[in-house]
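What follows is one structure encoded as structure tokens, with my remarks underneath.
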Amino acid sequence: MSDEDDKRAAIIRTAEGFLGAHYLAGTFGAIPDTADRYAPDRSIRLLNGLWDWPTIAVRAAQIDNYEQRTLRCCGRYAVREVGGRRMQWGRASPSPDAAFRQWMERARGAPENQARSLANEPRMFRARTPGFEGRLFPRRHCLVRHGAHEDPDLLYLGEDCAGKHHFDCVGFVCCVLGTAIGRQVRYGLAGVSGSGNWLQDGNTVYGHDSAACVRASIGDVILSNRHMALVHSRGQNVRIIHANGDSRGVEITGLNVPEEEGDRGSQTWGANFQVIHLSRNFLRLG
């Protein structure tokens with residue numbers, strides 16, 4: 001392998017090391033209540049037990065004052081092995097109201113540092129896969145400036161956020177590349193502040209469609225005005241690795257994935273699709 005092949009392989013190994021990480025807008029790999037070395041300005045905290053119904057958040061990561069909102073991680077609830085769910089009161093079948101509210105009343109009296117999991121509750125509140133039992137916790141997603149929830153009837157049962165890295169799509173790509181090549185990378189989506197930096201250091205645009213992805217090398221960047229990812233494997237069936245929205249977190253998928261209903265992450269490419277081929281200079285290979 002050439003030195004460039006080695007560097008690109010290192011990018012993919014770094015990215016794969018974050019598989020299963022959670023999605024939270026504004027984050028670059030932060031772990032709750034841990035100093036974030038890559039982006040200290042985007043630190044997050046773990047909510048161990050907010051039991052009030054309008055603001056409930058148990059074992060959920062939160063970022064404060066991001067674009068005038070307080071955001072909470074949804075715990076990649078839609079991933080099969082997690083087995084969580086998005087619940088809209090009055091629309092679920094069967095309705096989880098009675099069982100869940102009964103659990104809430106019991107949990108409300110527990111010490112905040114001993115937040116109760118849903119392992120011994122009705123099956124609708126349990127993870128399905130062995131090894132994940134008891135790791136589902138309820139949380140609201142977004143509080144706007146004045147403390148009101150964006151949708152008072154919407155609730156997520158997601159994976160425990162303790163010890164988990166958190167990214168959004170931009171933060172994932174930037175953190176992986178920065179870690180692998182040994183320098184800070186804080187570039188943006190196409191058409192927003194910082195996007196022009198992708199064309200520095202000799203990087204080139206391969207194209208604006210899926211055919212360009214076929215030509216791309218592993219570790220190259222795909223970006224639009226809505227989403228960002230790394231090329232994981234090349235060829236006719238291109239695979240990408242990315243922070244794939246609130247419902248799924250970091251995973252490897254095909255180029256086009258359906259958008260999860262209600263997902264705050266952006267999983268479709270939108271306009272200004274670009275494939276950025278990273279240069280040897282960007283990769284610090286001289």
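Contact map, the range 173-192: first residue under 10 Å from THR14 (Cα atoms), second residue modelled with pLDDT of 90 or more and crowded, with 22+ Cβ neighbours inside 10 Å, Cβ cut-off under 6 Å, separation 6 or more or different chains; pairs are CYS175/PHE28; CYS175/GLY29; VAL176/ALA15; ALA180/ILE11.
Restricting to the range 217-269, give me the number of residues that are of a type outside the set (S, T, N, Q) and at pLDDT below 70. First the steps, then the outcome.
Taking the range 217-269 as the starting set, the residues that turn out to be of a type outside the set (S, T, N, Q) are 218-223, 226-232, 234-235, 238-243, 245-246, 248-252, 254-255, 257-265, 269.
Now narrow it down to the ones that are at pLDDT below 70: 257-265, 269.
Number of matching residues: 10.
On the stretch given as the range 217-238, residues that are within 19 Å of ASP6 (Cα to Cα), in a strand (DSSP E or B) and not small (Gly, Ala, Ser) total 4. Answer yes or no: is there a residue in the range 59-71 that is under 16 Å from ARG186 (Cβ atoms) and buried (at least 18 other Cβ atoms within 10 Å of the Cβ). So far as the range 59-71 goes, no, none of its residues is under 16 Å from ARG186 (Cβ atoms) and buried (at least 18 other Cβ atoms within 10 Å of the Cβ).
Results for (1) without any contact (Cβ under 8 Å) to a residue 60 or more places away in the chain; (2) polar (S, T, N, Q), shown as yes or no for each residue.
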| site | (1), (2) |
| --- | --- |
| ALA9 | no, no |
| ILE12 | no, no |
| GLY17 | yes, no |
| ALA21 | no, no |
| GLY26 | no, no |
| ASP41 | yes, no |
| ARG45 | yes, no |
| THR55 | no, yes |
| GLN62 | yes, yes |
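For ILE181, are the conditions met, namely being at pLDDT 90 or above, closer than 30 Å to GLU159 by Cα, β-branched (Val, Ile, Thr) and not assigned by TED's automatic domain parsing to the domain that holds ARG140? Give the steps one after another, and end with the answer.
Working: at pLDDT 90 or above: yes; closer than 30 Å to GLU159 by Cα: no; β-branched (Val, Ile, Thr): yes; not assigned by TED's automatic domain parsing to the domain that holds ARG140: yes.
No; evaluated as a whole, the condition is false for this residue.
Filter the range 1-51 for residues that are among the β-branched types (Val, Ile, Thr), in contact with a Ser or Thr (Cβ under 7 Å, 6 or more places away or on another chain) and under 24 Å from ARG135 (Cα atoms) and give the result. Steps first, please.
Narrowing the range 1-51 to residues among the β-branched types (Val, Ile, Thr): 11-12, 14, 27, 31, 34, 44.
Filter once more, so that each one left must be in contact with a Ser or Thr (Cβ under 7 Å, 6 or more places away or on another chain): 14, 44.
Answer for the range 1-51, where residues must be among the β-branched types (Val, Ile, Thr), in contact with a Ser or Thr (Cβ under 7 Å, 6 or more places away or on another chain) and under 24 Å from ARG135 (Cα atoms): just ILE44.
Screening THR14, THR34 for residues that are polar (S, T, N, Q), out of contact with any strand residue (DSSP E or B) (no Cβ under 9 Å at 6 or more places or on another chain), buried (at least 16 other Cβ atoms within 10 Å of the Cβ) and at pLDDT 90 or above leaves exactly one candidate, THR14.
Residues in the range 124-172 that are of a type in the set (Ser, Thr, Tyr) and modelled with pLDDT under 65: THR129 only. Go through the range 194-216 and give me each residue that's assigned to a helix (DSSP H, G or I) and hydrophobic (A, V, I, L, M, F, W, C). Answer for the range 194-216, where residues must be assigned to a helix (DSSP H, G or I) and hydrophobic (A, V, I, L, M, F, W, C): TRP198, LEU199, ALA211, ALA212, CYS213, VAL214.
The values are calculated or read from the model by the stated rules, or taken from the named source; none is laboratory data. The model shown is predicted, which means the values in this text are computed figures rather than measured ones. FYI the Cβ positions are ideal-geometry reconstructions off the backbone, even for glycines, and counts take in every protein chain you see.
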